[in-house]
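What follows is one structure encoded as C-alpha cells, with my remarks underneath.
The values are calculated or read from the model by the stated rules, or taken from the named source; none is laboratory data. Note that this is a predicted model, so its numbers are computed, not measured. Because the Cβ atoms are built from the backbone with ideal geometry, glycine has one as well, and the counts that use them run over all protein chains shown. Heavy atoms of the whole protein, side chains included, go into the accessibility calculation; ligands, DNA and RNA do not. Shrake-Rupley method; radii C 1.70, N 1.55, O 1.52, S 1.80 Å.
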Amino acid sequence: MLEYRRLDRILDIVAGATFTPVAQLSSILGVTDRTLRGDVATLNATLEKNGARVELKRRAGYHLVVSDREAFDAFLATREQGGEPNVLATTDGRFRLLLKYILESTGFVTAEELARKIAVGDSAIQAYIRQAREVLDRYGVELVSKRGMGFRIFGREEARRDCFANEVVNRRYRSYATGFTANEQILFDQVDLYELDDIIGECLEGSSVRANDYGLKNIKVHFALMVTRVKSGSIIEAAPEVDYPEELRSFADAVCDQIQARLDVHVPEAERAYICRHLVTNAKVPGGQVDADWLNERIDALLQVILADYGYDLRDDLTLRRGLFSHLSSIFRAIDIGNPVRNPLLNTIKLSLPLNFEIALMATSKVFDEPPLVLDEDNVGYLALHIGAAIERRSKGQSAALQALVVCSFGDAAASSLQARLETLFSRSLSVIATVSHQDYLDLPEHFFEDVSLVVSTVPLKDCPKPTVMVDFSLPPSDVKGVSRLVQYLMEDDNFNKVRRFFSPGAFRVVTEETGKEPLLREMCAQLVSEGAADEGFFSSTMEREAVADTSLNEVFAIPHTMRPEALRTMVSVAILKQPLAWAPGHDAVQIVFLLAVRPGDRLEMEHLYDLLVRIVEDRHLQQELIGVTSYERFLEVLSGAV
C-alpha cells in the first residue's frame, strides 16, 4: 500500500492502460484536476525510488513510464504481498512513532524534539500532539504540558503498554502475521526480535499451547514490549492473584527463563503474570478453565434462539459450534482475569454486517444474561462474524443468477484473490466464469460475452458490451458496495417495487418541529399498529431494545427495533427529521429514523431489508438526499435510485 489509498488507485489505473485522460481519471477518483496533480506528484516521490514514474502527455493523458523494470517489479511484488509502508512514509506511521516516543518517555519531552524524531515541521507537530492526547485519554493516560519544559505522561504501566500494543503496533497490513518487519524493529529498537522469535518458537515446540498466526504474532509483540519496558526500568510492580491454566503459566515461565539467559533481562513475577494475561486472549490450551458441558448447553440455547427469532437453523453447523466454543472459552477466561477483549473491527462489523451483529447481540443477551458473563459489544462483534459465516455457508447451495468475467492486470495471484472474494461475498448472486488479463480481454471474441452478465475489472475498459464495475483487486468495502449495486440492479427488474414493499404512506412522516426520542418512537409504533404490521406491545418492546445498546448506525441514521422479531408483517416506519435529534451519546444529529418491524422467521425479507440499510449507511450523499425529501413519493424515488 502507498501513503493513502487514492494513490494505489491511480497507480492501478495508469498501469492498466496506455493512456488515461485527465478528465476520466479525475472522474473515477472523484477529485479535481488540481488535487489529481498533487496526488501524482506524491505518487511519483515513491515511484521514482523504485524505477518508474507517472507522466502526463498532452492531449493523451497520464501514463506509466518504467525506467528500471527489475526494481519496479520488485516494488509491485512487495506491494501486492501487503508489505507495510515505511513508518515515516505515512501520516499514520508518523503518528504511531510519535506515540512510541511519548509512551517511552520518563520525563518531559519538547515539541521540537518530537517533531525532529518523526520528521515533521514545528507547525505540524501540534496537530499530532492533540491527536495523541485524545488517544492516550482513552487508556487513562494523561498527557500534560508545562511551559518551557514540554510534555510528559502520567498513568499506570499496564495502561501505557495496552496503548502501545493497540495504537503503536500496526496490525492493519496484510502480512502482519507472517513475521517481524523493519518498522517493528524500529518500534522495539531495544530488542533483538529475531532472537526473541527463536526463543518463543523453541518453547512452543515443547508446549501444548497453540495459537493461530495472528494470535502468535500478538504474543510475540507482548513479549517484545515486556522486554523493552523492563530494560528501560519500567516494570509492573504487582501481579494480580489469578489462577492461570497450568500450560499457559509453564509456557510463559519457559520463555521468560530463556529471555533471562539469552537476552540478559531479569523478568520478575509480575511481568510473567502480565504475559499470562495476554496469553489467555491470544492462545489456546487443551481443556481450559471453562466447563465444556455448560458451554455446549449455552451454545445449544444460543442457536435455538437464532432459529426461533430469526429463522436460521444453524444447529447442525459443526464448524460454527467449534468456532463459538473456542471463542467463548477465550472470552470467559479473559473475563475471569479481568482482561477485556478489544475488537478493532467492531465499527466495521456494525456498519457493514448489521443483521449479523443484531442476531448476535439479541441472542447473546438472552443466553448470557447474568453478570459476569454478560458479553459486551466487542465480544458480540466477534461472535457476529462466526454467525455470519455460518449463514453464508447455509446459503451456498443456491445457484448464482449472474455470470461474471473478471479482468485483472496484476497477475494470477491477484486475479485468484479477487475471484475468491467475489464468490464469497456474492455467493448467492454471481459466479466467476473466467479471469483474464487486460490484454486477454482485448483479444476476446464478441460471442464470448453472450453468457456474461457483468464484468468486474481492475482497469478502465473501453467499449465493453456488458455492464462493468471497476474495483481494486483487494476489493475494499467501497468497491464491494459498487459491485453490490450493479448486482442488485441486474437481479431486480423493478427497483421501485423492490423498495416499495417495505414502506407505506401511512407509516411515513416528515417532522419539521423539534421532538424527543420517546415521543417520536411512540408515534411511529402507533403508525405500524394502524397499518396492521404490529400489535399494541410493540412500543414497549422497542424501548426495551433501546435500553440494551445504541441503535444509531452513524451520526444521522438510526434503526430502532424490538428486542426480537415480533411484528405481524415485515415493514418500516419512517421519520425524516428537519431538526436534528439527540439519539444517543455521540449521536446528537440524527435526522433519518427507520423503525423496523420484522415478522418472526421472515428471513429473506429481513436480509433484503438489512442490505438496504447497509446501502444507506455507506452512502453519505444518499443520506443527504433522504434528509431533503418532503413527500412519500420523493422518498421512494430516492431509495429506488439507490438499489
Fill in: region 2-25, subset crowded, with 18+ Cβ neighbours inside 10 Å and outside any helix (DSSP H, G or I), residue modelled with the lowest pLDDT
16
Worksheet item: If you take the residues in region 68-91 that are assigned to a helix (DSSP H, G or I) and polar (S, T, N, Q), which one is modelled with the highest pLDDT?
Response: 91
Worksheet, complete the sentence: Of the residues in region 434-462, those that are under 17 Å from residue 13 (Cβ atoms) and without any contact (Cβ under 8 Å) to a residue 12 or more places away in the chain come to 439, 442, 462
Practice prompt. Run residue 13 past the list (1) more than 27 Å from the chain's Cα centre (by Cα); (2) under 17 Å from residue 472 (Cα atoms) and report the number of the one that doesn't hold.
Written response: (1)
Worksheet, complete the sentence: Flagged in region 516-557 as assigned to a loop (DSSP other than H, G, I, E, B) and over 28 Å from residue 640 (Cα atoms), in numbering order, are 516, 535, 536, 537, 547, 548, 549
Worksheet item: Quick one: would you say residue 418 is in contact with a strand residue (DSSP E or B) (Cβ under 9 Å, 6 or more places away or on another chain), in a helix (DSSP H, G or I), modelled with pLDDT of 80 or more and over 26 Å from residue 19 (Cα atoms)?
Response: no
Item to complete: Among the candidates 262, 277, 229, single out the residue that is surrounded by fewer than 17 Cβ atoms within 10 Å (Cβ to Cβ) and of a type in the set (Lys, Arg).
Response: 262
Fill in: Subset of region 507-528 [in contact with a helix residue (DSSP H, G or I) (Cβ under 9 Å, 6 or more places away or on another chain), open to solvent by less than 30 Å² (accessible area, probe 1.4 Å) and either small (Gly, Ala, Ser) or modelled with pLDDT under 90 (or both)]
507
Worksheet, complete the sentence: With criteria (1) surrounded by fewer than 16 Cβ atoms within 10 Å (Cβ to Cβ); (2) at pLDDT 90 or above; (3) of a type in the set (D, E, K, R), residue 189 comes up short on (2)
Worksheet item: What are the residues in region 584-611 that are open to solvent by 10 Å² or more (accessible area, probe 1.4 Å), of a type outside the set (D, E, K, R) and touching a helix residue (DSSP H, G or I) at 6+ places or on another chain (Cβ under 7 Å), if any?
Response: 591, 598, 600, 610
Discussion item. Looking for something part of a helix (DSSP H, G or I) and at pLDDT below 90 - is there at least one such residue anywhere in region 585-604?
Written reply: yes
Fill in: Matching residues in region 431-455 - criterion: being of a type outside the set (A, V, I, L, M, F, W, C) and not in a strand (DSSP E or B)
437, 438, 439, 440, 441, 443, 445, 446, 447, 450, 451, 453
Worksheet item: Which condition number in (1) buried (at least 16 other Cβ atoms within 10 Å of the Cβ); (2) modelled with pLDDT of 85 or more; (3) in a helix (DSSP H, G or I) is the one that residue 312 fails?
Response: (3)
Practice prompt. Could you check region 92-185 for helices (runs of 4 or more DSSP H) lying wholly inside it with 1 or more residues that are open to solvent by less than 40 Å² (accessible area, probe 1.4 Å), closer than 20 Å to residue 219 by Cα and touching a residue at least 12 places away in the same chain (Cβ under 8 Å)?
Written response: 157-163
Practice prompt. Please state which of the following conditions residue 547 fails to meet, knowing it meets all the rest: (1) within 18 Å of residue 380 (Cα to Cα); (2) hydrophobic (A, V, I, L, M, F, W, C); (3) in contact (Cβ under 8 Å) with a residue 60 or more places away in the chain.
Written response: (3)
Worksheet entry | Filtered residues of region 45-60 (kept if surrounded by fewer than 15 Cβ atoms within 10 Å (Cβ to Cβ) and not in a strand (DSSP E or B)) | 45, 48, 49, 58, 59, 60
Practice prompt. Select from region 274-303 the residues that are at pLDDT 90 or above and among the hydrophobic types (A, V, I, L, M, F, W, C) and write down the one among them that is nearest to residue 166 (Cα to Cα).
Written response: 275
Response to the item:
Just one listed residue, out of 574, 638, is open to solvent by less than 20 Å² (accessible area, probe 1.4 Å) and in contact with a strand residue (DSSP E or B) (Cβ under 8 Å, 6 or more places away or on another chain), and it is 574
Fill in: Candidates 301, 283, 292, filtered to the one that is under 26 Å from residue 379 (Cα atoms), over 28 Å from the mean Cα position of the chain (by Cα) and open to solvent by less than 40 Å² (accessible area, probe 1.4 Å)
301
Item to complete: Filter region 337-369 down to the residues that are modelled with pLDDT of 75 or more and among the basic types (Lys, Arg), then identify the one that is least open to solvent (accessible area, probe 1.4 Å).
Response: 350
Worksheet item: For region 114-137, how many residues are at pLDDT below 90, more than 18 Å from residue 185 (Cα to Cα) and of a type in the set (D, E, K, R)?
Response: 2
